[in-house]
Each structure stands twice: as C-alpha cells, then as structure tokens.
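The values are calculated or read from the model by the stated rules, or taken from the named source; none is laboratory data. Given the structure is predicted, the values throughout are model-derived calculations rather than measurements. We place every Cβ from the backbone using ideal geometry, glycine too, and count neighbours over all the protein chains shown.
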Amino acid sequence: MNAYIKSVLDELRSRYPWESEFLQAADEVLESIAPLIEAEPKYKAQKILERLVEPERTILFRVPWIDDQGEYRINRGYRVQFNSAIGPYKGGLRFHPKVTLSTLKFLAFEQTFKNSLTGLPMGGGKGGSDFDPNGKSDNEIMRFCQSFMSELFRHIGPDTDVPAGDIGVGGREVGFLFGQYKRLANEFSGVLTGKGLSFGGSLVRPEATGFGAAYFANEMLKLKKDSLTGKTISVSGFGNVAWGVCIKASQLGAKVITISGPDGYVVDPDGVGTKEKWEYLKDMLVIDRNKVETYVRKFPKAQFVAGKKPWGQKVDIAMPCAIQNELNGEDAKTLIANGVMTVVEVSNMGCTPEAWKLFIEKKIPFAPGKAANAGGVATSGIEMSQNSMRLSWGTEEVDNRLHEIMINIHRECVETAALYGFEGNYVVGANIAGFRKVAEAMIAQGLI
C-alpha cells in the first residue's frame with residue numbers, strides 16, 4: 001500500500017476505531033485511488049486525503065415524539081454533511097433501528113463520489129434516525145417526521161443541503177417531512193427529493209435506482225458484446241430498489257428469479273416480471289416490510305426459503321439491493337462456483353471486501369454501488385432541476401436522461417480504469433473518477 005495512504009488510514013483507525021463501516025468505505029476508496037495519488041503529488045501536498053475523510057459538518061440531535069398510547073418516545077437524529085466541493089450536500093435520510101453515526105458517515109462518504117460520477121453539481125451527505133417506521137401508524141410516523149424536521153430544517157435548504165428518502169423513508173415520510181419544512185421555513189422550495197408528484201416530485205424517481213442499475217448492468221454486458229436479454233438475475237431485498245431492478249431488467253429481456261427479506265428469500269421460476277407482481281412488491285412494504293414470505297401467498301408457484309440469502313441460486317447476474325455487507329466471501333465463492341457472469345452491487349457497499357476482491361481476482365466483472373446505484377441520486381438531481389425551473393418533465397424524458405447518465409458513468413469508469421493500468425476494474429475506475437473531480441474542486445476553493 002502507498003505509504004501516504006497507509007498513514008492516513010492508520011490515523012483514521014486510531015481516531016475512530018469503533019466506526020467499522022466508515023473505515024471499510026475509506027479503505028476501499030483510498031486504496032483504489034493509489035495510482036492517481038502517485039501520479040499527482042499535489043494531492044498529498046494539499047492534504048486532500050486528510051481533509052476528505054473528515055465530514056465538513058456532523059449534526060446530532062434528539063427527536064422527541066408521542067406515540068398513539070400517549071407515551072413519550074426519544075430517538076436520535078443525524079445529518080452528516082460530508083463534502084460540498086461540487087454542490088450542495090445531497091443524500092438520503094434513513095430511518096432504521098440499526099442506524100448509527102458510523103453507518104451514516106460511510107454512506108455520506110460514498111455519496112460524495114457517487115454524486116461526482118453523475119456529472120451533476122451535488123455534494124455528499126446522509127442522515128437519518130434509529131427510528132423504526134415498521135408497525136407504526138400513519139399518525140405516529142407523521143409526529144416523528146415533524147419532530148425530526150423541527151431540528152433538521154435549520155441545517156438544510158435548496159442551495160445548502162437537499163435530503164431524499166432511503167431505507168424506511170418513502171413517499172409518505174418525505175411528504176410529512178416536506179410539509180413540516182414548508183411550515184417552519186415559510187417557503188415552498190425543492191428542499192427534498194422523492195416528493196409526491198402533486199407537490200414537485202419527479203416521474204421515475206421511486207424506481208430510478210433500480211432502473212439505473214439495470215442500465216449499468218446492460219452496459220457492462222454490451223462491453224462483452226452481450227446484453228441482458230435472456231439472462232437470469234438474483235436480486236436481494238424487495239423495496240424500491242429491488243422493485244426498480246425487477247421492472248427495468250424485465251423490460252430489457254432478463255428474468256429476475258429471486259427477492260429477499262429479513263425472514264429469507266423467494267424463488268419465482270416464472271420471474272418477477274409482470275405488472276401484477278411489481279405492484280404487489282409495493283403492497284408488501286405496507287403489509288410487513290420484514291417479511292418476503294407474503295409473496296408466496298399471493299403467487300403460490302414461487303417458493304420461500306426461510307433464513308437464507310438468495311446467493312445460492314444459479315444465475316447469470318447477481319444484484320444485491322438490500323443493505324451493506326449483505327454478500328460475503330462465502331456467498332461470492334458459491335456464486336462463482338455456480339458460474340455467475342457479472343455482479344452488480346446495487347445496495348451501498350453491499351459486498352464485503354472479501355467478496356468483491358474475489359470477483360475481481362476471478363475476472364468476473366464487478367460494479368461497485370457508487371457507480372451502479374447512482375441512478376437514484378441522478379434522478380434526484382433531475383428533480384432538483386425541475387423544481388428550480390418550475391417544470392415537470394414526462395416519464396420518457398426523465399428515463400432517457402437517466403439512461404444517458406448511466407451510460408456516461410459506465411464509460412467514465414471503464415476509461416479511467418484503463419488510463420491507470422487497471423482495465424476492467426470498475427472499483428478503481430469509479431473511485432478515481434469520482435475522487436478526481438471532488439479533489440480538483442477542493443484545491444480550487446482553497447483551504448476551507
């Protein structure tokens with residue numbers, strides 16, 4: 001490892017030894033940009049890495065609210081504003097009982113480079129709470145969101161920080177958050193993305209992350225004179241991201257045969273490829289977002305496998321879509337033994353280092369999440385543009401813009417990796433391409 005990079009990582013580990021997820025993300029990025037750091041001594045001279053691994057601002061606050069039984073509840077709220085060198089902070093809000101500062105720092109760090117790859121003027125941020133929306137009434141969720149926004153509103157704005165949804169934060173939550181922001185700030189602005197269509201939202205935004213990942217996968221195959229047509233795909237999760245993959249992959253001729261949840265996974269030999277099935281995935285989130293077994297009751301030809309992950313299925317393409325580190329080294333070995341052709345990381349840091357390094361070692365094309373899942377934030381950027389211009393674009397125009405952005409991200413990853421002698425390595429290509437733009441902007445703006 002490059003001595004300068006090692007020193008930065010060692011210092012980071014000594015300062016934040018408990019932040020395992022953030023340290024994992026920093027390791028991946030910094031190790032893979034070594035060729036650029038060695039070629040450009042100005043980054044070391046300007047202490048870019050030391051500056052880049054520290055958030056510009058971290059906000060922690062309590063969120064008090066009252067449940068339907070009149071009991072007082074207290075949760076913790078966060079917003080990590082990591083880097084604004086190329087634009088206002090942009091990144092989702094996650095409501096999940098396992099949310100920690102380490103989780104949000106890693107997500108905001110990754111978001112910085114992901115947003116850079118889109119080519120849109122957006123910095124990196126992430127936020128959320130350890131609040132669990134599952135099993136809560138609409139009124140409880142509204143009261144929580146209003147309390148959460150009562151503190152967050154003073155730290156965000158359309159030209160400062162524009163949050164969006166993430167795990168546990170869908171259209172309902174974004175609506176409540178937006179309403180409270182509007183009430184407190186006395187303005188109607190594009191301060192949140194993922195809004196409802198009736199108040200400034202964009203068509204295609206709910207499914208955009210999955211759509212973009214399918215487009216990226218197709219570009220990877222096209223590089224090998226192939227396509228998604230006729231391919232089988234294993235997908236994890238069953239939320240918006242997996243839903244989008246199921247729709248677009250099917251439209252591009254592939255068959256998604258698995259979805260998964262905390263309780264296990266489902267195998268559907270006919271594929272999750274009809275409008276009825278796509279609509280039911282949305283219903284499942286309302287019925288119980290912790291159970292994927294519900295799918296089998298609706299579509300009895302499918303089979304439910306309790307307590308397992310879907311990576312044991314023989315498929316052409318694996319696309320983890322659920323949460324970080326969901327595909328480990330043993331899963332990777334199983335996929336490789338079963339002849340997987342391509343792995344596309346759709347969840348943020350969905351593969352452990354052991355897994356993605358094994359894919360690269362075995363010459364199996366592997367796309368990191370910051371490149372493959374950038375379609376969601378890219379469409380959020382498109383929503384921001386529509387809000388700024390007080391316009392609303394149609395489905396075809398938004399989808400075409402998204403498709404073009406994903407093609408450009410894929411091309412930049414491929415060309416950058418080849419430029420530094422790592423042809424075919426999407427991890428190196430994505431990280432160098434994303435880092436370089438942010439670093440140049442930081443240098444241009446001085447020591448701030």
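For residue 416, indicate whether it is closer than 14 Å to residue 213 by Cβ, buried (at least 18 other Cβ atoms within 10 Å of the Cβ) and β-branched (Val, Ile, Thr).
no
Name, by its number, the condition in (1) over 15 Å from residue 113 (Cβ atoms); (2) buried (at least 20 other Cβ atoms within 10 Å of the Cβ) that does not hold for residue 25.
(1)
With (1) at pLDDT below 95; (2) charged (D, E, K, R); (3) in contact with an Asp or Glu (Cβ under 7 Å, 6 or more places away or on another chain) as the list, and residue 370 as the residue in question, which single condition is left unmet?
(1)
Pull up region 29-52, narrow it to residues that are without any contact (Cβ under 8 Å) to a residue 40 or more places away in the chain and not in a helix (DSSP H, G or I), then point me to the one that is surrounded by the most Cβ atoms within 10 Å (Cβ to Cβ).
My answer is 40.
What's the number of the condition residue 225 fails, among (1) more than 20 Å from residue 91 (Cβ to Cβ); (2) crowded, with 17+ Cβ neighbours inside 10 Å?
Every condition holds for residue 225 apart from (2).
Residues to consider are 135, 190; find the one that is free of Cβ contacts under 8 Å to residues at least 12 places away in the same chain and among the small types (Gly, Ala, Ser).
Answer to the selection: 135.
If you check residue 330 against the conditions, is it at pLDDT 95 or above, surrounded by fewer than 24 Cβ atoms within 10 Å (Cβ to Cβ), touching an Asp or Glu at 6+ places or on another chain (Cβ under 9 Å) and among the acidic types (Asp, Glu)?
yes
Out of the residues in region 393-406 meeting the condition of being among the hydrophobic types (A, V, I, L, M, F, W, C) and over 18 Å from the mean Cα position of the chain (by Cα), tell me which one is surrounded by the most Cβ atoms within 10 Å (Cβ to Cβ).
Per the criteria, the residue is 398.
Report those helices (runs of 4 or more DSSP H) wholly inside region 318-412 carrying at least 2 residues which are free of Cβ contacts under 8 Å to residues at least 40 places away in the same chain.
329-337, 353-361, 375-389
Looking at 62, 79, which one is surrounded by fewer than 13 Cβ atoms within 10 Å (Cβ to Cβ) and basic (Lys, Arg)?
62 is the lone residue from the list that is surrounded by fewer than 13 Cβ atoms within 10 Å (Cβ to Cβ) and basic (Lys, Arg).
Is it the case, given these coordinates, that residue 305 is of a type in the set (A, V, I, L, M, F, W, C), under 23 Å from the mean Cα position of the chain (by Cα) and not in a helix (DSSP H, G or I)?
For residue 305, the condition - of a type in the set (A, V, I, L, M, F, W, C), under 23 Å from the mean Cα position of the chain (by Cα) and not in a helix (DSSP H, G or I) - is not met.
Inspect all residues belonging to region 244-262 and state whether any of them is at pLDDT below 95 and among the basic types (Lys, Arg).
For region 244-262, residues at pLDDT below 95 and among the basic types (Lys, Arg): absent.
How many residues are hydrophobic (A, V, I, L, M, F, W, C) and surrounded by 16 or more Cβ atoms within 10 Å (Cβ to Cβ) when one looks only at region 12-22?
Qualifying residue count, region 12-22: 2.
Could you list, in sequence order, the residues of region 183-203 that are of a type in the set (S, T, N, Q), in a loop (DSSP other than H, G, I, E, B) and over 19 Å from the mean Cα position of the chain (by Cα)?
186, 189
Scan region 1-28 and report the pairs whose first residue is more than 18 Å from residue 428 (Cα to Cα) and outside the structural domain of residue 82 (by TED's automatic domain parsing) and whose second residue is modelled with pLDDT of 95 or more and assigned to a loop (DSSP other than H, G, I, E, B), with Cβ atoms within less than 6 Å and a gap of 6+ or a chain change.
Hits for this filter: 12/53.
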